[in-house]
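The structure under discussion appears below in the form of structure tokens.
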Amino acid sequence: MVAQALKERTAHLHDTIENVTRSKKIFDGTFTVEDYKNLLHINGYIVNSFIDNIFNALPEDITSRLKFTAASKKAAIARDAQELDMVIDETPVALGENNPAYALGALYVMEGSMLGGNVIAKNLRKHEAFAGHEFHYFTFYRDMLGSNWKDFLGTLSGTVQDEADIESSVKGATQVYDALIAKARTLFS
């Protein structure tokens, strides 16, 4: 129920970020290395700015069920940034609410982007401009992508059940999407 609410109520934000970042260019072969750097910068900004506060808002029983760590995602972004000689913003951003439902809503956006990231990496590897690039962040889960997404959705639905918590989750997702869109507009202008 919560996953469906998040998907439906943030669909317009998902579409907006895809439009702002010109993601269609990924599939037609015109996405440049500079476009990729901007996309990585946006994702790095979100991970570095939000993930520690997300994990701090989650109780131990939830973080232990999730098969990834904030430090690992940050390390993957840092490796990509280093390979591309980039500096990514690491300024922490406070969550609008400090509770598990809100934090899981915010994390929903990041985890969902990992599904898209896998598609991004697969398509960009087809183009000569990206030869040799490892895509550490966008291929972070490798063959565990599907099972990690399923585990995350199970944790989300097991934790966020009543209407007030669903509303809080949608607010958390919206905060992250709004930050993504704002950062993207500055980089893809």
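In order along the range 6-15, phi translates into HN-Hα couplings of 4, 4, 5, 7, 10, 4, 5, 6, 4, 4 Hz, rounded to whole numbers, per the Karplus curve 6.51 cos²θ - 1.76 cosθ + 1.60 with θ = phi - 60° and x for Gly and Pro. The long axis of helix 145-159 is offset from the longest Cα principal axis of the chain by roughly 30 degrees. Legend: calculated FRET efficiency, LYS150 to ILE181, from the Cβ-Cβ distance at R0 = 35 Å, rounded to 0.05, equals 0.80. Taking every DSSP helix (H) stretch of at least 4 residues in the chain, weighting each as -39,500 (n - 2.57) and dividing the sum by the residue count yields a mean residue ellipticity at 222 nm of -23500 deg cm²/dmol. Each part reduced to its alpha carbon centroid, the range 6-46 and the range 125-179 end up 14 Å apart. Were the residues from MET1 through GLU163 laid out at 0.36 nm apart, the gain over their Cα-Cα distance would be 57.3 nm. For the chain, the fraction of alpha-carbon pairs lying more than 28 Å apart is 20 percent, rounded to a whole number. Sequence-distant contacts, meaning Cα pairs under 8 Å at least 6 residues apart, place the relative contact order of the chain at 39 percent. Applying the Karplus relation 6.51 cos²θ - 1.76 cosθ + 1.60 with θ = phi - 60° to the range 88-97 yields 3J(HN,Hα) values of 10, 4, 10, 6, x, 10, 6, 6, x, 9 Hz, where x marks Gly and Pro. Shown for HIS12, HIS136, HIS41, HIS127: other C-beta atoms within 10 Å of each C-beta, ranked fewest to most, produce the order HIS12, HIS127, HIS136, HIS41. The modelled label-to-label distance for the pair ASN19/ARG142, using points 7 Å beyond Cα in the direction of Cβ, is 3.8 nm. Annotation: lysines with alpha-carbon distance below 21 angstrom to LYS171 (same-chain offsets under eight excluded): LYS7, LYS183. GNM on the chain, alpha-carbon springs under 10 angstrom: the most fluctuating residue among ASN99, ASN38, ASN19 is ASN19.
The angle separating the long axis of helix 163-187 from the principal Cα axis of greatest extent in the chain is about 20 degrees.
Readers should treat all values here as calculations from the given coordinates under stated rules, not as data from a laboratory. Everything quoted here is computed from the prediction, not taken from an experiment. Glycine gets a Cβ as well: all are built from the backbone with ideal geometry, and neighbour counts include every protein chain shown.
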